[in-house]
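Shown next, in structure tokens, is the structure this report addresses.
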Amino acid sequence: LAELFLWPALVAYGEAAVAYAGNALHPGLAGRLATWGVRLGWLAQTALLAVQAGRSDGFPWSSWAGSLNLFVWLVVSAYLIWGCRTRYRLLGLAVMPLAAGLLLVARLGGGTRAVEHPGYSTLFLVLHVGLVLAAFAGFTLAAGLAALYLWQARRLKRHRAGRLLGRTPSLATLESLTARTIAVALPALTAGIVAGFVRQGTSGARLDALEAMTLATWVVYAAFVLLRYELGWRGRRAIYLALAGFAFVVVVRLALPVTHFA
Amino acid sequence: MTLLLVGLSHRVAPVELRERVALPGPQAGELAHRFAGDRREAACLSTCNRTELYTVAEDADEAERDAVEALCLAAGFGAEELRPVLYRMRDEAAALHLCRVAAGLDSMVPGEGEILGQVRAAYEAGTTGPVLDRLFHQALHAGKKVRAETAISESPASVSSAAAALAGQVFGDLSGCRVLLIGAGKISELTARSLAARGAAISFVANRSLDRAKQLARPLGAEPLALDRIDEELGRADVVLSSTSAPGFVLDRERVEGVLARRKGRPLFLIDVAVPRDLDPAIDGLEGCYLYDIDDLETVVAESLASRRREVTQAEAIVAAEAERFRAWQSSLEVVPAIASLRARAEEIRVAELSRARGLSDRERQAAESITARVLDKLLHLPTVRLKEAAAGADGAVYAEAVRHLFGLGDDAGSGRHPRQ
């Protein structure tokens, strides 16, 4: 049954990614098709997660691939908040290919199957995985907004703003949304790390490379919030810092998962 | 009843003619009122680009002659002078034309927004009845729909609005943005007003002479500033708008670079509408500074107009659909009196036959009333639908005549269409 929902979700995300590319060239119908692709894909993936949760007697997304599946759903959920607005369709160009690609990786890693006995499951694990993934989804969206900021700034610098004038979000809006998304995601990451350490304390395990990198990620985003809100940083340097934080997220999410999930 | 339009516009008449025929607001309404009298509907749309008289009359030829005469009289022309540039349209063509006008498709700048308000004003000042009511509502709806469903009116069409739109791309809505105005010319004043219309505050006006700065600052609600003190404001301003007649740069790269540290990365949008230029082009290379000169702005306007023209095809389709709705409604008017007469005749027969029935109890009479009414409704439903369908095509009048003949219906007494002012 899980497969029954997986493929529609994958196809819809893929269609949205292609349609967003088409919308960038010829705005209009392609943009609307993309938006519906996101909505239908999200519904199918929600059904997939519901089936996984219904079949499992524990936390079904505690494996690396499973957590990737949940992560994709969180990213698309966060994207849906703005993504359906015409002005933010360009953000879909960054988010939807990523969502389709990562969902495929999750499928190849076995993270989209319905597993009856996922191995282990405690309240702290659920909190840890859920909160960290929600935070990472927020950071991913913030990175998409930051990339859109750089693209917009480049167009303005090169005096090529005329064609899409009024159809894309302003620099100030993009920067403010990036900062707000990070400001919301950072407490979730903090709580997720604390929950992880509590669980680790009970099991007696030692700090691994992924945990160290997650702490470094936290430091970068905490610095961003401090500099942006306390010291008044604005513009490209704040945006570069947000993207630096996302580089850590990519490493944590994709490059160092083996030791931690083992 | 025929819908008729007589008028002229920028497409057929030079400004020397248009300015003489143009009627200020109340005069257009008065012309419509005089022209309508008590037997026609009329509305007059008069702007700097067009003067058009819309009317609904029984005798279209007579109304056309009267309309030409009324426009000539209003303009102080002889009929022979004006007649060659006047266009005349009837029914579908006139309806489509008004829908296009309301959508801005017949304007000099496609999609311009002012015309929609002017069409509404013409309607409100007119002496309208059911046909013009319907026509103007349909046209206003078409105008709004085109603006909502296409991007035809989104992009700026002038240098001043392009500058304001670009500032919007940097700062979003401009409320809370501080504008520093250096010097003042016509374009910079218009640009300042465009920025203010989007919520920006003109905080300072700088000029070589402080007295002149005071003079310029007053109407804009700004503070005057001497030209050598602009560095203080540069650290706080969001937009710098320059238009002096200075032969060299008023602001160079080093001067702007000196205040960047204080801005903490906050963007600075600079608009240079002066020729020769006031702002060193090297400023554009500084982090967070976006400099647009007059050529850049004109390029934006040209691109924007091209993008408006690309939207025209979609807008034309919307307008055609709305005009078609009006046409279908207008055609249905031909059969409405026949349908009304047919139903009235049937009801008359039903009531007469029921009154002949004797010896029925109240309950039986109620049942008979209900049954006969239902039979009548069912019997007349299909002919009514078919008549309306025929009216939407070209056969409405033929079908209406056939119904009158078959059921022995007399001439319909008017359709209750009386103009209102």
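Any chance region A:212-232 includes a residue that's within 14 Å of chain B (Cβ to nearest Cβ), more than 18 Å from the chain's Cα centre (by Cα) and modelled with pLDDT under 85?
Yes, region A:212-232 contains a residue that is within 14 Å of chain B (Cβ to nearest Cβ), more than 18 Å from the chain's Cα centre (by Cα) and modelled with pLDDT under 85.
Any idea how many residues of region B:215-232 are in a helix (DSSP H, G or I), under 41 Å from the mean Cα position of the chain (by Cα) and surrounded by fewer than 20 Cβ atoms within 10 Å (Cβ to Cβ)?
Total meeting the criteria: 4.
So which residues in region B:3-18 are in contact (Cβ under 8 Å) with a residue 24 or more places away in the chain and of a type outside the set (Lys, Arg), if there are any at all?
Selection gives B:Leu3, B:Leu4, B:Leu5, B:Val6, B:Gly7, B:Leu8, B:Ser9, B:His10, B:Val12, B:Ala13, B:Leu17.
Of the conditions (1) out of contact with any Lys or Arg (no Cβ under 6 Å at 6 or more places or on another chain); (2) closer than 26 Å to A:Leu177 by Cβ, A:Val194 fails just one. Which one is it?
The single condition A:Val194 does not satisfy is (2).
I need the full set of residues from region B:140-198 which are touching a residue at least 12 places away in the same chain (Cβ under 8 Å) and on the phi > 0 side of the Ramachandran plot, in order please.
B:Gly176, B:Gly183
Keeping to region B:253-298, report how many residues are basic (Lys, Arg), in a loop (DSSP other than H, G, I, E, B) and at the interface with chain A (Cβ under 10 Å from one of its Cβ atoms).
Within region B:253-298, the first condition is being basic (Lys, Arg), and the residues that meet it are B:253, B:255, B:262-264, B:266, B:277.
With in a loop (DSSP other than H, G, I, E, B) added as a condition, the list becomes B:264, B:266, B:277.
Now drop any that are not at the interface with chain A (Cβ under 10 Å from one of its Cβ atoms), which leaves B:264, B:266.
Here the count works out to 2.
Would you mind stating whether B:Ala320 is farther than 27 Å from B:Thr191 by Cα, at pLDDT 85 or above and of a type in the set (A, V, I, L, M, F, W, C)?
yes
Among the residues of region B:369-413, which ones are surrounded by 15 or more Cβ atoms within 10 Å (Cβ to Cβ), closer than 30 Å to B:Arg358 by Cα and in contact (Cβ under 8 Å) with a residue 24 or more places away in the chain?
Those that are surrounded by 15 or more Cβ atoms within 10 Å (Cβ to Cβ), closer than 30 Å to B:Arg358 by Cα and in contact (Cβ under 8 Å) with a residue 24 or more places away in the chain: B:Leu376, B:Leu380, B:Leu409.
Looking only at region B:168-193, which residues are farther than 22 Å from B:Glu232 by Cβ, away from every other protein chain (no Cβ under 11 Å) and buried (at least 21 other Cβ atoms within 10 Å of the Cβ)?
Correct list: B:Thr191 only.
Report whether or not B:Ala165 is part of a helix (DSSP H, G or I) and either within 14 Å of chain A (Cβ to nearest Cβ) or among the aliphatic types (A, V, I, L, M) (or both). Don't jump to the end; show me each part of the working.
Working: part of a helix (DSSP H, G or I): yes; either within 14 Å of chain A (Cβ to nearest Cβ) or among the aliphatic types (A, V, I, L, M) (or both): yes.
Here the answer is yes, as B:Ala165 does meet what is asked.
Which ranges mark the helices (runs of 4 or more DSSP H) fully within region B:1-114 that have 2 or more residues being out of contact with any helix residue (DSSP H, G or I) (no Cβ under 8 Å at 6 or more places or on another chain)? It would help to see each step written out before you state the result.
Values: elements: B:15-21, B:25-36, B:60-75, B:79-82, B:91-102.
Answer list for region B:1-114: B:15-21, B:25-36, B:60-75, B:91-102.
The values are calculated or read from the model by the stated rules, or taken from the named source; none is laboratory data. Only a predicted model underlies this, so the values are computations on that prediction, with no experimental measurement involved. Every residue, glycine among them, receives a Cβ derived from its backbone with ideal geometry; neighbour counts consider all protein chains shown.
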